[in-house]
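Rule-based calculations on the coordinates, nothing more; no lab input. Everything quoted here is computed from the prediction, not taken from an experiment. For neighbour counting, all protein chains shown are included, and Cβ atoms are generated from backbone atoms with ideal geometry for every residue, glycine included.
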Amino acid sequence: MKLYVSCKGQDLIPIEHLTEYQGNLAEMSKENYAKLKNAFIKYGICFALTVWKHEGKNFIIDGTGRFRTLTKMRQEGFEIPPLPIVETECKDEAEAKRKVLLGRSEFHKTTDDGLSEFIAGAGIGFDEVRSDFDLSGIDFDKFDVNFNTEPEIKAKTCPNCGYEL
């Protein structure tokens, strides 16, 4: 199966011309590998990798998980097209490593209320969100209860006659 690119980057580079840079900084679970693999099959390659061109190499600053997943998919027989990249400038390795950390940073968190509001009316159900995405900040067990529960209607009492509404 051939994957497709569904975004535009600054350039396209064959996967074999990219070099990992972050080492063992982060790892991906088998479950998240399966989610990302399925996302590539469903949506194509929809985000560019960020690359630092240094000493004749294309070091991946942001997108290592996507690169590793695509590399494994290639070993499984998938045809991987040239990947979209954007270049970042780094004055030295220290700045490059700072940018790797910057790319890994999560300065904002997904909230239960925000997620409910975002998916409401879009035809995106809880089961799809739970199975297809990895959203830090969301306790999916708690979210499931809140998402699938009708709002509680509190009784009101008339201040004049005491009748409960």
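Grab the DSSP H runs of the chain that are 4 residues or longer, score each as -39,500 (n - 2.57), total them, divide by all residues and round the 222 nm result to the nearest 500 deg cm²/dmol. Don't skip to the end; give the middle numbers.
Numbers: 6 runs with 61 residues, N = 165.
Result for the chain: -11000 deg cm²/dmol, rounded to the nearest 500.
What are the ³J(HN,Hα) values, in whole Hz, obtained from phi via the Karplus relation 6.51 cos²θ - 1.76 cosθ + 1.60 with θ = phi - 60°, for each residue of segment 116-130 in sequence order, with x given for Gly and Pro?
Per residue, the Karplus-derived 3J(HN,Hα) values read 4, 5, 5, 8, 4, x, 9, x, 9, x, 4, 4, 5, 4, 5 Hz.
Please sort by residue number the GluC sites (Glu not before Pro) in segment 84-113 whose DSSP state is loop and whose Cβ has at most 14 other Cβ atoms within 10 Å.
Passing sites in segment 84-113 are E89, E106.
If you line up the long axis of helix 93-104 against the longest principal axis of the chain, both from Cα atoms, how many degrees apart are they, to the nearest 10?
Rounded to the nearest ten degrees, it is 30.
Loop only per DSSP, at most 11 neighbouring Cβ atoms within 10 Å: give me the GluC sites (Glu not before Pro) in segment 26-76, ordered by residue number.
E27, E55, E76
Of the cross-linked pairs K30/K109; K37/K57; K57/K109; K2/K109, which ones have a Cα-Cα span greater than 32 Å in the structure shown? Let's see the in-between values first.
Working: K30/K109 23 Å; K37/K57 26 Å; K57/K109 34 Å; K2/K109 34 Å.
With Cα atoms farther than 32 Å apart: K57/K109; K2/K109.
Check which residues have an amide H placed less than 5 Å from L49's amide H, if you skip close sequence neighbours.
Distant-sequence amide H within range of L49: I85, V86.
Can you give the longest run of the chain that contains no chymotrypsin sites (Phe, Trp or Tyr not before Pro) sitting in a DSSP loop with at most 13 other Cβ atoms inside 10 Å?
On the way: sites that count: Y4, F107, Y163.
For chymotrypsin sites (Phe, Trp or Tyr not before Pro) (loop position, at most 13 other Cβ atoms within 10 Å), the longest site-free span of the chain is 5-106.
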